Amino acid sequence: MAYTTAGELTNRYGLSLLVSLTDRGEIATGQVDQGIVARAVDDADAEIDGYLKGRYRLPLSTTPPLVAALSRQISIWNLHTFDAPEKIEQDYKNAIAKLKDIAKGVIVLDVAGIEPQSSGSSGVMVTDRERPLSADSLKGWI
């Protein structure tokens, strides 16, 4: 399940920008190339999953709004084959910073997480060394 769609990218960034970024054929069609958009979204989602995999069960059962926004920011960055405008670049850097915070647990998503691994026992197991000072070893000193 993709975290964002071509329609959401169009709503956020406009049809003319998507056409200019994806209409790469020798003869311009004036249409959005859905295949190029799908690859950019898939790449963005794979990058997001890389940050989420240690903390959340994938695939996510629902897409939180934050993850959808991050997917849009990374996808539009992926669509730029050459230099991206400063705003797009800054949005991308901010998205990666937020993903790092999610991976560290600073930002918590409201989705199913991964249960911490347990040792299989129900309690704490402590191993102690033999005590060198005992009543017998201190005989004559006490």
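The values are calculated or read from the model by the stated rules, or taken from the named source; none is laboratory data. Here the structure is a predicted model, which is why all the values come from computation and not from measurement. All Cβ positions, glycine included, derive from the backbone under ideal geometry; neighbour counts span all protein chains shown. Keep in mind that these areas ignore ligands, DNA and RNA; they rest on the heavy atoms of the full protein, side chains included. Shrake-Rupley method; radii C 1.70, N 1.55, O 1.52, S 1.80 Å.
Restricting attention to region 1-16, the residues being of a type outside the set (K, R), assigned to a helix (DSSP H, G or I) and closer than 22 Å to V67 by Cβ number 7.
Counting only residues that are in contact with a Leu (Cβ under 9 Å, 6 or more places away or on another chain) and of a type in the set (S, T, N, Q), which one in region 7-65 is least open to solvent (accessible area, probe 1.4 Å)? Among those residues, the one meeting the criterion is T22.
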